[in-house]
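Only one structure is covered here, and it is reproduced in the block below.
Each value in this text was obtained by applying a stated rule to the coordinates, not by laboratory testing. Small disclaimer: the values here were computed from a predicted structure and weren't measured. Here the Cβ positions follow ideal geometry from the backbone for every residue, glycine too, while neighbour counts run over all protein chains shown.
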Amino acid sequence: MQTQRPVYEEIEEILRGVELPRVALVEQVSGTPPELGDLRGAVREALGEVELPTGSVAVGVGSRGVARIDEVTAALVEALKEAGAEPFVVPAMGSHGASSAEGQAEVLRHLGVSEEAVGCPVRATMETVLVGETPSGVPVHVDKNAYEADAIVVINRVKPHTAFRGTVESGPTKMLAIGLGKQKGAHAVHSAGWGEIHRTIPEAARVMVQTGRFAFGLAVVENADEEPCKVAAIPADRFEEAEAPLLEEAKRNLIRLPFGELDVLVVDEIGKNISGDGADPNVTGRFATPYGGDEVPHVERMVFLGLTDATGGNATGLGAADVVTERLAGNIDRSSTYMNSLTSTTPSAAKTPMVMPDDRMAIAAAITMCAGIDPARVRLARIKNTLHLRRLWVSEALLDQVEKNDDLRVLEGPRPMGFDEDGTLI
């Protein structure tokens, strides 16, 4: 029978004897498009390509950690007001925020999107209106508050999806089909099958466009440092056509791990504000479906150390790890995590890996489970999260590859991995 705190004496005896590798701080120095300095100006310039609606306008904002999303939203709201509209923000995030109106509003507050920050009300509900169905019979739902507005606008980052490949993946089209559909709509699209979702999402978005309520989407493309480098306004009649090249641009900008194979990858934090899967599978190579990309590294063992504050306990993507810490496991909100997996039909994303008492033991456990690998020669990399890959810690066994790569430079020479008295990695 499980005790309140598991007895780890024998495990500790094994793992405390594992010698951890020395690590060096390395920086990726490859070029990337510059960040937009005047983001407000870029938004207003992009809006010149579309007709701004009047009357009440629902502005859909999602749950991802889109860089400077509060500024983008505020600039859009300002422009809509000047055009004579009465904008309000609606959460467009499927089942995130524990699938509750209050939870979704709280997610937006975590991201800086509040009435005070963006200059208009935030109206959250999980109620939806059924607006039609796709040619294959998938029902299409939309947020009730958004449906009752005179027009709908969505804001989203364009990037590669974490579970499938298509002409359009993660962006305004997906927000129309899934984000604005709340739990009912998101579940309906996912239930049609991950093998079909590259078709289902555009089909569901077309149903939304045909309602005549959708005005345009504001798409943000980020550079390798997760900074906004481009803003584009996409009118309803050119939605898929205009989003597809933005996706290709986003893929070119995506920074990745600079190693094709790793024995151990240590990720300091995961969260829904980082990726829909907590840690982006396009970086880690650990996809929750068989329809992800193939240009990814092979990671033998992966460790997650903690959750971001902004994720609110949602640990979706947890199952991609082999080992996690008690610190992470103790902060999981099961209801929001399980609702996410139920909605997306991906149970593996919510599975609990091996749990270790502290960071040191978690890393030692991962190294121990690399069969046939000398711990002294383990190829280990440590990153803060999958959004921040410009700097990473690497073990000495990887320094030969670093020296041969012109896009990498060593900032600090090898030193022992440091832990505080509680075993937390410094």
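Pull out the extension gain between residue 401 and residue 376, defined as 0.36 nm times the separation in residues minus the alpha carbon to alpha carbon distance; nm, one decimal.
Separation in residues times 0.36 nm, less the Cα-Cα distance, equals 7.3 nm.
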5 Å-binned pair-distance histogram of the range 52-114 (Cα, whole percent): 4, 20, 27, 22, 16, 10, 2, 0
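Which of the helices in the chain, when you take each full DSSP H run, stretch at least 18 Å along the axis at their Cα atoms and have an average Kyte-Doolittle score of 0.5 or higher? Present the calculation step by step, with values, prior to reporting the outcome.
Working: long enough: 69-82 (20 Å, 0.52); 197-210 (19 Å, 0.10); 239-253 (21 Å, -1.01).
Long hydrophobic helices here: 69-82.
Could you work out the local net charge near residue 236, counting Lys and Arg as +1, Asp and Glu as -1, over the other residues with Cβ closer than 13 Å to its Cβ? Please list the in-between numbers first.
Details: positive: 206, 213, 238; negative: 49, 51, 237, 240, 241, 243.
Summing Lys and Arg as +1 and Asp and Glu as -1 gives -3.
Using 0.36 nm per residue, how much length does the chain from residue 331 to residue 424 gain when fully extended, once their Cα-Cα distance is taken away?
Working: separation 93, 0.36 × 93 = 33.48 nm, distance 1.55 nm.
So the chain would gain 31.9 nm between residue 331 and residue 424.
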The chain, relative contact order [Cα under 8 Å, separation at least 6], %: 21
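Using 0.36 nm per residue of separation minus the Cα-Cα distance, give me the extension gain between residue 44 and residue 244 in nm, one decimal.
On the way: separation 200, 0.36 × 200 = 72.00 nm, distance 2.20 nm.
Contour length minus Cα-Cα distance gives 69.8 nm.
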Reachable lysines, given that their alpha-carbon falls under 20 Å from the alpha-carbon of residue 230 and they are not under 8 places away in the same chain: 159, 174, 251
Span from the the range 187-240 Cα centroid across to the the range 290-315 one, whole angstrom: 24
Peptides ranked, highest mean first, by Cβ atoms within 10 Å: ranges 140-146, 244-250: 140-146, 244-250
Amide H partners (placed H, <5 Å) of residue 419, local residues excluded: 426
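Could you work out the relative contact order of the range 39-253, using alpha carbon pairs under 8 angstrom and six or more residues apart, expressed as a whole percent?
Working: 472 pairs, mean separation 49.4, N = 215.
Here the relative contact order equals 23 percent.
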Measure of compaction for the range 131-225 (Cα Rg per 2.2 N^0.38 Å): 1.03
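Work out the FRET efficiency for residue 191 and residue 384 from their Cβ-Cβ distance, taking R0 = 30 Å, and round it to the nearest 0.05. The partial results should precede the final answer.
Working: r = 35 Å, r/R0 = 1.15.
The pair residue 191/residue 384 has a calculated efficiency of 0.30.
Over the Cα atoms of the range 1-132, what is the Rg over Rh ratio if Rh follows Kirkwood? Please report the intermediate quantities before stating the final value.
Numbers: Rg = 23.2 Å, Rh = 18.9 Å.
Ratio value, two decimals: 1.23.
Sort 298-304, 263-269 for me by packing, meaning the mean count of neighbouring Cβ atoms within 10 Å per residue, highest on top.
On the way: 298-304: 21.6, 263-269: 24.1.
The peptides rank, most packed first, as 263-269, 298-304.
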Spin-label model distance (nm) - residue 81 vs residue 13, 7 Å beyond Cα toward Cβ: 6.8
Where labels lie 7 Å past Cα in the beta-carbon direction, separation of residue 369 and residue 412 in nm: 2.8
Against the rule of thumb 2.2 N^0.38 Å, how large the Cα Rg of the range 39-253 comes out: 0.91
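State the antiparallel share, in %, of DSSP beta bridges confined to the chain, rounding to the nearest 5.
Values: 27 of 63 bridges.
The antiparallel fraction comes to roughly 45 percent.
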Phi-based couplings in Hz for the range 386-403 (Karplus 6.51, -1.76, 1.60; Gly and Pro marked x): 7, 8, 10, 10, 5, 10, 8, 9, 10, 6, 4, 5, 9, 5, 4, 5, 4, 5
GluC sites (Glu not before Pro) within the range 345-423: DSSP coil, no more than 13 neighbouring Cβ in 10 Å: 421
